[in-house]
Amino acid sequence: MIQAVVFDLDGTLLDTIPDIAGSLNRALAACGLPTHPVRVCERFVGGGIREAVRKAAPENTPAEVLDQVLSAYLADYPNHCTDTTRCYPGVPRLLAGLEEAGMVLGVLSNKTEGPTRRIIETLLPGVPFRCVFGRVDGRPLKPDPAAAAPVLEALALPPSDIAYVGDSGTDMQFARAAGMLAAAAPWGYRSRSELVAMGAELTPDSPEGLLTLLLAAA
C-alpha cells in the first residue's frame, strides 16, 4: 500500500530546462564551446549536471575543459534557477490531491541540493514536503539504489510503501532498483514509450491521471 510519493524535480514537477539551458550555454560559451537550442538541452539532463556537461560538450572535449564548464555552470545556475522555471499544468492539483489523501510527499533529485531547495521554496512554497534532497558530495546519485537511503530515513517507511515519480529512464531504473513503485511523468522530457521500456509501472497521460493511479494504489 502506497503511503508516500517522492518526486524527481526537473521534467517532473517543473519545467526547468529554460534556466538550465541558459546557464549551460553561458558556461559553454565562456569556455569557447558551441551552445545549443533550449529544447535540445532536454536530452542532456537526468544523470546529474556533470553528465549533462559531458553530453553538451563536443565529443573528445578534454577533461580539464569539461571541469571548467562545470565550474562556470555551478557558479551561474544558482543565480538564475528560478528566472523562467515553472510548474507543469496540473502539478499543483496533483500535489494538493495527494496531500488531501494523507500521502507523505518528498523530493529526490540529481540536481545540486542548494538550487533544488531554492526552486521548491520559490515555486512550491506551500507544499508540505517531508524531505527535499539533491546532489551533495559523497551521496550516491540515481540510478544507484543507495541514493534512496536519506529518503527512507526521513520518511521512516519501507520502499514498498513509496512511489517514485520521474520523467527519465534513470528515474525508472532507480525506483525499480530501490524497491519503490516506478511512476512515469511523460509530460516531461522523455516519451511514455521510453519510460515503459525502462520499467515504468504507472504510465498516466497527465498529472491528473497520475493522481488517480496513485490514489488507487494507496
Average projection area in nm² (convex hull over Cα atoms of the stretch 91-218, one quarter of hull surface): 7.1 nm²
Between 0 and 90°, nearest 10: helix 17-30 axis offset from the chain longest Cα axis: 20 degrees
q = 0.11, 0.13, 0.15 Å⁻¹, the chain: log10 I(q)/I(0) [Debye, one scatterer per Cα]: -0.50, -0.69, -0.92
Sorted largest first, extent of the stretch 1-123 alpha carbons per principal axis (Å): 51, 27, 23
Expected 222 nm ellipticity per residue - DSSP helices of 4 or more, -39500 (n - 2.57), all of the chain, to 500: -12500 deg cm²/dmol
Interchain or long-range residues, amide H under 5 Å from residue 133's placed H: 107, 108, 109
Mean separation of Cα contacts under 8 Å, 6 or more apart, over the residue count of the chain: relative contact order %: 25 percent
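Quick one: order 16, 212 from most to least accessible surface, probe 1.4 Å. Don't skip to the end; give the middle numbers.
Details: 16 0, 212 95 Å².
Descending accessible area places them as 212, 16.
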Fraction of antiparallel bridges per DSSP, the chain only, in percent to nearest 5: 10 percent
Angle in degrees between helix 207-217 and the longest Cα principal axis of the chain, rounded to the nearest 10: 40 degrees
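For the stretch 63-140, what relative contact order do you get, as a whole percent, if you take Cα pairs closer than 8 Å and at least 6 residues apart?
It rounds to 32 percent for the stretch 63-140.
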Potential lengthening between residue 197 and residue 87 on full extension [0.36 nm per residue; Cα-Cα distance subtracted]: 37.0 nm
Local net charge near residue 150, Cβ-Cβ under 11 Å (Lys/Arg +1, Asp/Glu -1): -1
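The values are calculated or read from the model by the stated rules, or taken from the named source; none is laboratory data. Worth saying up front: this structure is predicted, and the values here are computed from it rather than measured. Using ideal geometry, Cβ is built from the backbone for each residue, glycine included, and neighbour counts are taken over all protein chains shown. Note: accessible area is taken over every heavy atom of the protein model, side chains too, but ligands, DNA and RNA are not part of it. Shrake-Rupley method; radii C 1.70, N 1.55, O 1.52, S 1.80 Å.
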